[in-house]
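See below for the structure under consideration.
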Amino acid sequence: MNQAKKFASSIDTQLSRWLGAIPILIPILQRLNVVSTINRYCPCQADVNEGTVALVLALNRLMSPRPLYKVADWMAETILNETPDISVEKLHDRRLGDFLDAIYPHSVLPLLGGTRIDNIWKDVVHQAFQKYNISLKFIHYDITSMYFEGVYEGEDLMDYGYSRDDKSDCKQVNLRLNITDEDGIPTAFKVINGSTADRSTPIENMKALRELLDNMPIRDDIIIISDQAMLDKDVIIQYHQQGIGYLKLE
C-alpha cells in the first residue's frame, strides 16, 4: 500500500473528541472530593455510581449546558467517551433523573425552610476553603431574584415582589446568597419566597452562614458586607453577639 492510501486509511479510522476545559475541571472536582462525597451520602447499586453521574452533570453545566435527554449526546462527542468507568449508553436521561431523585433529600431542606445547609454542599465547600486557602475575612451578602412567565399555581416559593428585572407582573423567587470577597466563591445560599423583603433576611442568613462554617479553621472574625437596608438595631445586636463584623454599602 502506497503512502497516499495509508494516509487515507488512517483518516477513515480517526476519531475526533472534544476536549474543552475537561482536563482543568476534572482535577478540581477530584480535589474537592465531589464523587466520593456524593457516594457517601447516596450509595447505590447502579452500574454508574451517583458520584460519577454528578461529575458528568457538573462538567456539562459548566461547559455546555444541555437538557437531560441531550447530555449523553454531548458526552459522546467529548473525551469523556474514552473514559473506562463512564459509559455513554448507561448515562441516559432516566439514569440522570434517578440521580436527581437520589440527591434531592440531601438538598431539600435549604429550599423548603429552616437554616440547615445540606451536608453534601457543606462538605464540598469545606474542601474548597481548605485546599484552595480561600479567604473568609469578608463575606458579601445580598438578595437576587429570578422571575418566571406562566401561571405556576400552588408553588409556595413563587410570588410577586420587588422585581430587580423590572418584571413586576411576573412571579419570582428570591435567592439569598453569600460570596467571598476576593474570589467571589458562593458559600451559604437559600431559595426563598419571591415576596420576601430584604431587611427580614439577615438574621436567618447569619445562622445559616454560621452553620456552614462550623468547625472551619477560620483565623479571623467574619465581616459581612451588605446593603444599608439590611442593617437595623436587632441585626447589629445579633452580629455583635455572634462576633461578626459588618460593613454597609450606601
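Quick notes on this structure:
- Test for Leu212: is it surrounded by 13 or more Cβ atoms within 10 Å (Cβ to Cβ) and over 25 Å from the mean Cα position of the chain (by Cα): no
- The residue of the range 151-203 that is nearest to the chain's Cα centre (by Cα), among those that are under 29 Å from Asn133 (Cβ atoms) and charged (D, E, K, R), is Lys190.
- In the range 44-71, residue nearest to His92 (Cα to Cα) [restricted to those that are exposed (fewer than 12 other Cβ atoms within 10 Å of the Cβ) and more than 15 Å from the chain's Cα centre (by Cα)]: Pro67
- Qualifying residue in the range 216-228 (condition: under 20 Å from the mean Cα position of the chain (by Cα) and more than 13 Å from Phe129 (Cβ to Cβ)): no
Listed here are the residues, each with its yes/no results for (1) in the same structural domain as Ile179 (by TED's automatic domain parsing); (2) modelled with pLDDT under 90; (3) within 23 Å of Met216 (Cβ to Cβ).
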{"residue": "Leu29", "(1), (2), (3)": "no, no, yes"}
{"residue": "Val56", "(1), (2), (3)": "no, no, no"}
{"residue": "Leu59", "(1), (2), (3)": "no, no, no"}
{"residue": "Asp73", "(1), (2), (3)": "no, no, no"}
{"residue": "Glu82", "(1), (2), (3)": "no, yes, no"}
{"residue": "Ala128", "(1), (2), (3)": "no, no, yes"}
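- Only one entry in Ile139, Ile86 is in contact (Cβ under 8 Å) with a residue 24 or more places away in the chain, surrounded by fewer than 18 Cβ atoms within 10 Å (Cβ to Cβ) and more than 17 Å from the chain's Cα centre (by Cα), namely Ile86.
The values are calculated or read from the model by the stated rules, or taken from the named source; none is laboratory data. Model, not experiment: these values are computed from the prediction. Note that each Cβ is placed from the backbone with ideal geometry, even for glycine, and that neighbours are counted across all protein chains shown.
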